[in-house]
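The values are calculated or read from the model by the stated rules, or taken from the named source; none is laboratory data. The model shown is predicted, which means the values in this text are computed figures rather than measured ones. All Cβ positions, even for glycine, are placed from backbone atoms using ideal geometry, and neighbour counts span all protein chains on display. Heads up: the accessible areas ignore ligands, DNA and RNA and are worked out on the full protein's heavy atoms, side chains in. Shrake-Rupley method; radii C 1.70, N 1.55, O 1.52, S 1.80 Å.
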Amino acid sequence: MRIAPRVILSSEQRTELERRARQRSLPARVVERARIVLQAADGLQNQEIARRTGITPEKAARWRNRFIEGGMAALEKDAPRPGRTRTITDHRMNQVVEMTLREKPANATHWSTRTMAAAAGISEASVRRIWRAHGLKPHRVLTFKLSRDPQFCEKLQDIVGLYLNPPEHAIVLCADEKSQIQALDRTQPGLPMKQGRCGTMTHDYKRNGTATLFAAPRCPAGAT
């Protein structure tokens, strides 16, 4: 019969293991491991420890060996587990990334998790994980504006310089326009928002024409 390696305890280790084995407030796994090591230190083999504690001999051998290799610290936590085997290959992940960057779905302006999942043959959750890992957000678009005026830089410097160093005893105003704002009025008053219910309004409205909003903030002389 195969003989299990011997477990030798110091007085401090035995005292601590006996305390854990008696504790009712500790997790069951901590109590069980302490009892396994104590019985191993008393000379019991793994088969006998398994019979007395209601576990498998493999489990008794595992915690005996971990204690021999790592001492009390080895009993504190489980060994890391490999986790579930990957079902999506690197090639498939790269394919999703390339499709997101280079292609567009039919009859749509951008990919959604649903359309990409159908096109790539994977789940929507997998698409979200791939996009998150690569920092991809197809639903978001940032706008920009580039001036075609060949004298844009010179004009910009003049305007900024006016703000930074306005003429003495002068008021600098900046005017901007928001045009074609629809002046709408609902046909009936809505209900305010309350707990458990959002605010409401009628779907129909009266159109009172359009309005143009002008904003002219003042820049005090000498302000930066």
| Somewhere in segment 154-168, is a residue among the small types (Gly, Ala, Ser) and surrounded by 10 or more Cβ atoms within 10 Å (Cβ to Cβ)? | yes
| request: Return the residue satisfying two criteria in turn: it lies in segment 69-82 and is aliphatic (A, V, I, L, M) and at pLDDT 85 or above, and of such residues it is farthest from the chain's Cα centre (by Cα). | output: MET72
| Going through segment 114-132 one residue at a time, which ones are within 12 Å of VAL96 (Cα to Cα) and among the aliphatic types (A, V, I, L, M)? | MET116, ALA117, ALA118, ALA119, ALA120, ILE122, VAL127, ILE130
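For (1) in contact (Cβ under 8 Å) with a residue 40 or more places away in the chain; (2) under 26 Å from the mean Cα position of the chain (by Cα); (3) part of a loop (DSSP other than H, G, I, E, B), each residue gets a yes or a no:
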| site | (1), (2), (3) |
| --- | --- |
| ALA61 | yes, no, no |
| PHE67 | yes, no, no |
| ARG84 | no, yes, yes |
| VAL96 | no, yes, no |
| ASN107 | no, no, yes |
| ARG114 | no, yes, no |
| query | Looking at ARG14, ARG29, which one is under 38 Å from the mean Cα position of the chain (by Cα) and either outside any loop (DSSP other than H, G, I, E, B) or over 30 Å from SER126 (Cα atoms) (or both)? | reply | ARG29
| Take the residues of segment 172-203 that are under 30 Å from GLY161 (Cα atoms) and open to solvent by less than 100 Å² (accessible area, probe 1.4 Å): which is modelled with the lowest pLDDT? | SER179
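Per-residue answers, yes or no, for (1) closer than 30 Å to ALA28 by Cα; (2) touching a helix residue (DSSP H, G or I) at 6+ places or on another chain (Cβ under 6 Å); (3) basic (Lys, Arg); (4) open to solvent by less than 90 Å² (accessible area, probe 1.4 Å):
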{"position": "LYS77", "(1), (2), (3), (4)": "yes, no, yes, no"}
{"position": "HIS91", "(1), (2), (3), (4)": "no, no, no, no"}
{"position": "GLN95", "(1), (2), (3), (4)": "no, no, no, yes"}
{"position": "ARG102", "(1), (2), (3), (4)": "no, no, yes, no"}
{"position": "SER112", "(1), (2), (3), (4)": "no, no, no, yes"}
{"position": "GLU124", "(1), (2), (3), (4)": "no, yes, no, yes"}
{"position": "ARG132", "(1), (2), (3), (4)": "no, no, yes, no"}
{"position": "GLY135", "(1), (2), (3), (4)": "no, no, no, yes"}
| task | Mind counting the residues in segment 204-218 that are surrounded by fewer than 10 Cβ atoms within 10 Å (Cβ to Cβ) and either among the β-branched types (Val, Ile, Thr) or at pLDDT 80 or above (or both)? | result | 5
